[in-house]
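The values are calculated or read from the model by the stated rules, or taken from the named source; none is laboratory data. No experiment lies behind these values; they were computed from the predicted model shown. Here the Cβ positions follow ideal geometry from the backbone for every residue, glycine too, while neighbour counts run over all protein chains shown. Areas reflect the complete protein model, heavy atoms only, side chains present, ligands, DNA and RNA absent. Shrake-Rupley method; radii C 1.70, N 1.55, O 1.52, S 1.80 Å.
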Amino acid sequence: MKRKKTKQYRLSFPHMGNYHITFKTFFKALDLEIVIPPPISKQTIELGSRYSPESVCVPFKYNLGNYIQALDRGANLLLQAGGGCRYGYYGEAQKHILENLGYDFEFFKLRNKRNPINIIGDIHKINPKIPFYRVLKAFLLAYFKGRCIEKAEDFLRKNIGFEKKKGQLEKQFKFFLSKLDQAETFTQARQLTKKYLRIFENIPILKPKNLLRVGVVGEFYVVLEPFSNYNIEKFLASKGVEVHRFITLTGLLNHSIFNGIIPNHEVNQYLRHAKPFLKYHIGGHGTDSVGKANELAKKGFDGAIHIKPFGCIPEVNAMPALQNISKKYNFPIIYLSFDAQTSDTGMQTRLEAFYDMLTMKKNATKK
Amino acid sequence: MPQKNKQYYSLGVDIGSISTKAVVIDQNKKILARAYLWTQGDPIQAMKNVLKTVREQLQERPGRITWVGATGSARNLIGSILQAEIVKNEITAHAIGALTLYPKIRTVLEIGGQDSKIIIIDKGIVADYAMNTLCAAGTGSFLTSQSKRLEINIKDFGSLALKSKNPAKIAGRCTVFAESDLVHKAQMGYPKHDIIAGLCNAVVDNYLNNVGKGKKILAPIIFQGGVSKNIGVVKAFEKSLNSQIIVDKNGHLMGAFGIAVIAQEQGTKKLFDFSIQDVEFRTQGFECKGCPNNCEIICVLKNHKFLDGWNNRCEVGMAKAKEHFDK
């Protein structure tokens with residue numbers, strides 16, 4: 001990237017769950033000012049869908065909304081990643097849309113075929129004056145913080161529905177996040193996570209013997225961003241369901257470590273679990289959804305929820321394979337699509353019915 | 001004066017987008033009173049109307065209503081107005097309704113005004129279900145609008161369809177396509193009953209390809225919901241599935257019946273007062289403005305006092321709304 005010396009960069013990136021903490025930690029190494037867009041709200045999605053192509057998948061609209069809100073707060077360098085589906089074209093399209101809106105900014109997109117090494121390399125290019133080892137170190141710390149967040153979130157998902165006094169876990173979790181955001185070193189982050197996991201564990205939990213265990217699989221973004229799936233995990237928790245989820249950002253990075261060295265490494269890893277229901281890769285995260293659902297069914301979970309943005313091709317591809325899993329293991333799966341509408345009634349009706357069904361099933365087998 | 005053999009009844013109300021249904025059953029699950037009226041976009045008035053009808057039918061009966069259940073898309077609103085103890089989704093209600101009357105059933109097909117669902121039952125419990133997403137093609141309201149276009153009374157729709165020997169082929173995938181297909185066929189000179197039979201087939205094809213996709217449809221099959229009253233669609237289903245289809249004479253009331261059964265089995269007794277008919281209920285939106293989400297909370301007011309609200313993302317909004325209306 002060529003640029004004038006005098007220009008002061010203010011970097012921004014889209015939200016995804018609580019990962020802004022991770023991103024921030026990483027980009028801090030670049031010695032640039034970082035603008036974190038305001039938390040996703042109705043306004044974000046309204047802005048995003050107003051300027052997006054109508055039929056584009058919904059993460060595009062959220063991302064665009066985040067960008068607009070960040071630009072309005074003074075950001076002038078936007079980051080976007082890419083992947084093996086329409087996501088690979090997000091960056092180009094978003095750049096054009098924002099330019100047409102008259103914003104003055106630079107846009108930086110990572111390669112579609114990612115692995116940790118080229119991510120670090122790409123980011124280093126933004127400010128090559130910074131020594132490489134600093135970017136590397138920041139990446140590692142960011143990765144570690146990502147793991148910490150995921151650990152805590154996992155605990156929350158499995159337990160938040162069963163608190164004796166509602167709201168305690170979430171309150172502590174918010175403290176944890178704000179402190180983790182401040183942590184500067186590995187030791188700090190590790191100790192913090194240890195401390196808060198202990199606090200979480202000491203919060204009284206009352207789990208029934210015959211509890212329902214449900215897995216959430218599906219498209220990366222809508223799984224990770226609670227606003228985009230109408231807080232599906234919270235809703236399930238409020239019904240007293242133990243929610244399991246596997247998709248994480250660091251998991252994605254782990255899978256991609258050998259990308260580029262071993263051809264199709266990432267894909268093959270996913271495919272292994274999806275057999276015999278899939279023979280070939282179906283793009284994006286579809287293969288992984290099938291693999292995870294397969295695992296859930298084998299492990300004797302009560303059911304799975306498959307979520308996707310409306311029109312997500314890889315996940316639409318995954319559905320016939322998922323239906324076969326359903327049939328073979330007698331394993332209920334429901335399918336939900338999300339778009340920019342903000343009413344959650346339809347989703348609640350379907351989830352409630354799903355919950356009733358699982359409960360009836362469980363009670364019947366108990367007898 | 002307390003009677004010795006006092007009977008207790010259960011009221012189930014199903015407020016759909018198009019029609020509102022109410023059923024009162026006794027402890028033997030026998031239907032004592034029923035009502036079926038159009039919602040006409042005003043669920044509160046529709047609820048009052050069905051209550052009135054039901055009350056008239058109950059006048060001679062000695063028992064009192066002690067359980068109330070609400071279902072359908074306006075279940076939260078009506079549930080809180082009626083102070084119903086059981087407020088449940090229509091999928092569960094339909095399944096329980098069908099299972100109570102026909103315990104051996106394996107598949108429930110249901111087509112209502114705006115939605116359609118399939119419920120697969122295995123050994124008397126719900127094993128799987130699906131509901132149409134996003135699009136109302138092939139539901140009751142589609143048939144109603146097309147019958148208006150052809151100027152046919154919706155009640156004659158089914159019997160007319162049976163007259164056809166060569167049903168016109170009409171694309172059922174999408175309402176817009178179906179409609180242009182229909183116009184095209186009509187202008188080409190197809191007789192009306194062939195077009196109508198084609199529409200019935202289109203509804204069935206759409207249903208089986210959409211909602212029923214990937215589901216194993218096993219006999220005995222029951223078909224319920226408003227569209228089950230349309231004999232043309234029933235016959236089209238029988239032909240397509242190659243199996244006999246049960247249609248209960250109360251098939252259109254099954255959701256209300258189901259929720260009445262659930263209320264009776266799961267709820268605790270609480271006397272229901274019909275005077276609720278005369279109370280004024282009003283709904284009003286309230287914008288929270290507490291954060292950028294700007295939740296628009298829908299509040300229902302009983303005699304100008306805040307009763308309940310929905311659509312908030314956090315507790316702050318609800319407290320604000322309550323304060324706003326109660327002051």
Checklist entry - Has segment B:177-190 got any residue that is in contact with a Ser or Thr (Cβ under 9 Å, 6 or more places away or on another chain), in a helix (DSSP H, G or I) and either surrounded by fewer than 20 Cβ atoms within 10 Å (Cβ to Cβ) or of a type in the set (A, V, I, L, M, F, W, C) (or both)? => result yes
Checklist outcome for this item: Selection from segment B:97-125 of residues touching a residue at least 60 places away in the same chain (Cβ under 8 Å) and of a type in the set (A, V, I, L, M) yields B:A98, B:L101, B:I105, B:V108, B:L109, B:I111, B:I118, B:I120
Checklist entry - Where residues in segment B:282-304 are over 20 Å from B:I81 (Cβ atoms) and buried (at least 20 other Cβ atoms within 10 Å of the Cβ), which of them is farthest from the other protein chains (Cβ to nearest Cβ)? => result B:C288
Item to check | Failed item, numbered, when B:I195 is tested on (1) within 14 Å of another protein chain (Cβ to nearest Cβ); (2) closer than 12 Å to B:L162 by Cα; (3) not small (G, A, S) | outcome: (1)
Checklist entry - Of (1) assigned to a loop (DSSP other than H, G, I, E, B); (2) over 17 Å from B:S147 (Cα atoms); (3) open to solvent by less than 10 Å² (accessible area, probe 1.4 Å), B:A168 satisfies all except one. Which? => result (2)
Checklist entry - Which residues, taken from segment B:102-133, are farther than 24 Å from B:N206 by Cα and out of contact with any helix residue (DSSP H, G or I) (no Cβ under 8 Å at 6 or more places or on another chain)? => result B:Y102, B:P103, B:K104, B:D122
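For segment B:144-165, does any single residue satisfy the condition of being farther than 24 Å from A:Q348 by Cα, within 22 Å of the chain's Cα centre (by Cα), outside any helix (DSSP H, G or I) and not hydrophobic (A, V, I, L, M, F, W, C)?
Initially, segment B:144-165 is screened for residues farther than 24 Å from A:Q348 by Cα, giving B:144-165.
Those left that are additionally within 22 Å of the chain's Cα centre (by Cα): B:144-148, B:153-158.
Adding the requirement that they be outside any helix (DSSP H, G or I) leaves B:153.
Filter once more, keeping what is not hydrophobic (A, V, I, L, M, F, W, C): B:153.
Yes, because at least one residue in segment B:144-165 is farther than 24 Å from A:Q348 by Cα, within 22 Å of the chain's Cα centre (by Cα), outside any helix (DSSP H, G or I) and not hydrophobic (A, V, I, L, M, F, W, C).
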Checklist entry - Across segment A:271-285, what is the total count of residues that are part of a helix (DSSP H, G or I) and either open to solvent by 10 Å² or more (accessible area, probe 1.4 Å) or farther than 14 Å from A:G218 by Cα (or both)? => result 3
Next on the checklist: Please go through segment A:298-333 and give me each residue that is open to solvent by 30 Å² or more (accessible area, probe 1.4 Å), at the interface with chain B (Cβ under 10 Å from one of its Cβ atoms) and in contact (Cβ under 8 Å) with a residue 12 or more places away in the chain, ordered by number.
Outcome noted: A:F310, A:M319, A:N324
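Taking strands (runs of 3 or more DSSP E) that fall entirely within segment A:1-111, which contain at least 2 residues that are surrounded by 20 or more Cβ atoms within 10 Å (Cβ to Cβ) and touching a residue at least 40 places away in the same chain (Cβ under 8 Å)?
A:10-12, A:77-80
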